[in-house]
Amino acid sequence: MSPLDCDLLVIGSGAGGLSAAVTAAKLGLKVIVAEKEAQFGGTTAWSGGWMWLPRNPLAVEAGIVEPIDEPLAYLRHELGERFDEARARAFLEAAPRMVEFFRTKTALRFIDGNAIPDFHGRAPHASLGGRSLCAAPFDGRRLGARIADLKPPLPETTLWGMGIASGAELRHFFNALRKPASLWYVTQRVLAHGKDLLLHRRGMRLVNGNALIAALATSAFEAGVEVRTSCPARRLLRDGERVTGAVLATPEGVVEVHARCGVVLACGGFPHDDDRKRALLPHARTGKEHHSAASRGNTGDGLRLGETAGGQVATDGVQAAALAPVSLVPQADGSFAHFPHLVERGKPGLIAVTRRGQRFTNEADSYHDFMQALLAALPAGEPVQAWLVCDHAFMRHYGLGAAKPAPMPLGPMIANGYVQRGQTLAELARACGIDGDALQQTVQRFNRQALAGQDEDFAKGETAYNHMQGDAPFAAEQGWPNPCMGPLERGPFYAVKVVAGSLGTFAGLRTNAHAQVLDTQGQPIAGLYAGGNDMNSLMAGHYPSGGITLGPAMTFGWLAAHHMAGRLPSP
Ligand SMILES: Cc1cc2nc3c(=O)[nH]c(=O)nc-3n(C[C@H](O)[C@H](O)[C@H](O)COP(=O)(O)OP(=O)(O)OC[C@H]3O[C@@H](n4cnc5c(N)ncnc54)[C@H](O)[C@@H]3O)c2cc1C
């Protein structure tokens, strides 16, 4: 096939890639996006869509004004010796401008996170809110025929394919059988979704990360970006040291794409690259013991391509992946979906135990902290696994992982072995292979503490983040003083096994403040940029707040585009 020409070639169509693509196109560059999978969006399309963007315009408009030194000091404290001031400043200075750019010049709109606290509320300079944003719901019809190319949300997190927005909307779904207003809301949503399925064969009210990708893709198409799906990049083209394009395997054959200004690698890191997982994740001895919930197309291609041009993958982060407890959901074809447990752990009436029947952490802490605690609690070499345990009332109210709350049927999830059930705790323990006596003692102790409202072992429910993850109105109705703690009282009891997984990876190509990939001498490689999780995380393996992958992905994509267009971002 004859070669293609452009100014910017973006490899990968998640937030990291599309942020750069849209920005560059708006700055007048001719842009091609190459996506390996048949649909665009990557893990971003499955995500919550939350972005950590301190000092963003929506917070400022709500009166939450903080100097750059505040989030900078929070990062300095959280990241310790791995704090990189140049990159942190570049990110924090650019983040508000990036938001202003997208909300005024593109189809992307945001909803505020003014009540969303940082993960570590006890740390100095942590915020109680105003440092994050989410993509606003988006009407899929704006994508026209290209809606067919948008990766749908992760099926296990939807109801018949309908994405549910976090926050108030999700609360309505939990309360649908308890509160008339919630039942009314849910009924309307389900009916509208049913109509979408009849007319369009998919939901059209897009939320969370799916809305983020749909808005970015719509903006990309409107700005003339060519987005090619089923086109994996196979190798980079170089002229001397400079990267000048890439070779794509397209459905029509192999094609060279020449890019005058640069190439952005944005292939979503290495969540499904067993070799790199084995090398960088100590708990994944063969690589296969780490079950990432990230998109299956993210097999480390961007990191390998970057290395061929002299780039370096950082290996000095405190943790190479954004860890999360994941359960393995049996599928009809014998495979397993990877379900990330992000929501129910903080609700009142759930505990997590190891096979010794003992709790090991504050279940309402972040998914990353939960996993770090599990890894620390287990003797070296022991399989990384734990059980989330609840009673019947909890199961039907909140569900457990991929097992949905009432009125959705629970039977199939028990029949396929995903959920373990016991009429008594002893029976449940036997089914799971947990120490039964210890489990009963753990539950008795937890129940006493739940009724008193104080977790003497792990301080559950004491931070603003814990509160947000809990359910204060329901706990108050029950007379439980702690929004994250309720007793596990009446059987049957249930458990779901969780294993080591992640939302994505942190370790990536070393870059500078313009997102340029650096060589072994720390010098930028001309024409080569990294975005999203192909870029070594600014957080160096720490996880200070929700949205710390998508916020930097959006911001550094925007910065990279300005750099290659030779245009400093306007203040
Ligand atoms: C359920 C869930 C919820 C999450 N919620 C949040 C959240 O709210 N906030 C947050 O910050 N993070 C969240 N995350 C993590 C976040 O989604 C990822 O960190 C982020 O989407 C990564 O963006 P990316 O652009 O690097 O990669 P992706 O969005 O995964 O995009 C990479 C793309 O590159 C493509 N690709 C791979 N190789 C090639 C190749 N050779 N050629 C061409 N294309 C290629 C892939 O197919 C993919 O489409 C969540 C993750 C999950 C699983």
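Here are a few things to note about the model shown:
- Taken over the chain, lysine pairs spaced eight or more positions apart, or on distinct chains, with alpha carbons under 22 Å apart number 15.
- Scattering from region 478-571 was approximated by placing one identical point on each alpha carbon and applying the Debye formula without solvent; log10 I(q)/I(0) at 0.10, 0.19 1/Å stands at -0.46, -0.94.
- If you wrap the tightest convex hull around every Cα atom of region 388-544 and split its volume per residue, you get 187 Å³.
- Using C-alpha pairs below 8 Å separated by at least 6 residues, the relative contact order for the chain is 22 percent.
- Put simply, the Cα atoms of region 43-100 extend 32, 32, 16 Å along their principal axes, the longest span coming first.
- For the listed peptides 516-523, 482-489, 313-320, a ranking on the average number of other beta carbons within 10 Å per residue, highest first, reads 482-489, 313-320, 516-523.
- When shorter helices are ignored and each DSSP H run of at least 4 residues is given -39500 (n - 2.57), the per-residue value for the chain at 222 nm works out to -9500 deg cm²/dmol.
- Within-15-Å neighbourhood charge of THR424 [Cβ basis; K, R +1; D, E -1]: -2
- Span-like helix ranges in the chain, DSSP H, alpha carbon extent 18 angstrom or more, Kyte mean at least -1.0: 85-105, 180-200, 208-222, 436-452, 550-564
- Modelled FRET efficiency - R0 25 Å, GLN521 with VAL318, Cβ distances, 0.05 increments: 0.50
- Taking 0.36 nm per residue of separation and subtracting the current Cα-Cα distance, fully stretching the chain between SER335 and ALA123 would add 72.2 nm.
- Inter-probe distance in nm under a simple model that places probes 7 Å from Cα toward Cβ, at HIS514 and ALA62: 3.6 nm
- GLU222 paired with ASP437, simple spin-label distance in nm, labels 7 Å along Cα-to-beta-carbon: 6.7 nm
- Inter-site label distance for MET408 and GLU241 at 7 Å from Cα along Cβ, in nm: 5.4 nm
- Label zone of GLU477 (point 7 Å out along Cα→Cβ, amide N under 17 Å): in region 402-418 this covers 405-408.
- Farthest toward positive dipole pole in region 193-280 [+1 Lys/Arg, -1 Asp/Glu at C-beta], among PHE270, GLY240, HIS193: HIS193
- Net +/- balance of residues flanking ALA526 in space, Cβ distance below 15 Å, scoring K and R +1, D and E -1: -1
- Sorting ILE351, ILE111, ILE116 on solvent-accessible area from highest to lowest, probe radius 1.4 Å, gives ILE111, ILE116, ILE351.
- Percent of C-alpha pairs per 10 Å bin, region 352-418, short to long: 18, 42, 32, 8, 0
- For THR505, nonlocal amide neighbours, meaning residues 5 or more places apart or on other chains whose placed amide H falls under 5 Å from its own, are PHE270, ALA322.
- Alpha-carbon Debye profile of region 446-510, log10 I(q)/I(0) at 0.27 Å⁻¹: -1.14
- Local charge for ASP274 was computed over the other residues whose Cβ lies under 15 Å away, with Lys and Arg +1 and Asp and Glu -1, and equals +3.
- Fraction of accessible area attributable to carbon and sulfur, region 153-239 (%, probe 1.4 Å): 59 percent
- Volume per residue of the C-alpha convex hull in the chain, rounded to whole Å³: 146 Å³
- Using Cβ point charges alone (K and R +1, D and E -1), the dipole size of the chain about the Cα centre works out to roughly 1120 debye.
- Full-extension gain in nm, LYS105 to THR187, via 0.36 nm per residue minus C-alpha separation: 26.0 nm
- Computed over protein heavy atoms with a 1.4 Å probe, the accessible surface of the chain works out to 38 Å² per residue.
- Using distinct alpha-carbon pairs, which all enter the 1/r mean, Kirkwood radius of region 1-40 in Å: 10.6 Å
- The simple Förster model, with R0 at 25 Å and r as the Cβ-Cβ distance, assigns HIS77 and ASP457 a FRET efficiency of 0.45.
- Rounded to the nearest 5, the antiparallel percentage of DSSP beta bridges internal to the chain is 75%.
- Each peptide in 53-60, 495-502 gets a packing score, the mean of other Cβ atoms within 10 Å over its residues, and the list from highest to lowest is 495-502, 53-60.
- The share of C-alpha pairs in region 124-263 whose separation exceeds 19 Å stands at 65 percent.
The values are calculated or read from the model by the stated rules, or taken from the named source; none is laboratory data. This structure is a prediction, so every number in the text was calculated from the model and none was measured. Reconstructed Cβ throughout: ideal geometry from the backbone, glycine too, with neighbour counts over all protein chains shown. Quick note on the areas: whole protein, heavy atoms, side chains included, nothing else; ligands and nucleic acids left out. Shrake-Rupley method; radii C 1.70, N 1.55, O 1.52, S 1.80 Å.
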